[in-house]
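One structure is given here, and the rest of the page talks about it.
Computed from the coordinates by the stated procedures, all read-outs in this text should not be read as laboratory data. Quick caveat, the model's predicted, so the values are computed rather than measured. Ideal geometry is used to build each Cβ from the backbone, glycine not excepted, and the neighbour counts take in all protein chains shown.
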Amino acid sequence: MAGCGGAPPPNEKLASTEGALEAAKEAGAAGIPQAALYLKLAERQLGKARILIEDGSNDRAKLMLMRAEADAELARFLAREQSTVAESQAVVKQAEQLKAELQKLKQ
């Protein structure tokens, strides 16, 4: 049924969605509960989109890919946010340690 007319296969959207999923994984989304939820949703939606493409339902597949890409991007942003918070907490702790050392040197 893939060649029955209608919209062409959304190959570019498929590739960008796969890239978004890979970026989310590289950002560590799988290890952060909230991000992992959106990562899993994106993976499921990507799988559904592939089935829709095979069935020739390319318009529906494109919509599913748009949802999957949005969820993958959200997973990536949540993972990056967690990483940024952890880094900033480490910097604050280091600054406090340096301040304490400076106080000791002044005494």
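Some notes on this structure:
- Taking the inverse of the mean 1/r over every pair of distinct Cα atoms in the chain gives a Kirkwood hydrodynamic radius of 15.9 Å.
- Computed over the range 11-106, relative contact order equals 36 percent, with contacts defined as Cα pairs under 8 Å that lie 6+ residues apart.
- Cross-link reach is defined here as a Cα-Cα straight distance under 17 Å, omitting same-chain residues fewer than 8 places apart; for K48 the lysines meeting it are K13, K40, K62.
- Neighbour counting of Cβ atoms within 10 Å sorts the residues I32, I51, fewest neighbours leading, into I51, I32.
- Tilt relative to the chain, helix 11-26 - C-alpha long axis, 0 to 90 degrees, to 10: 30
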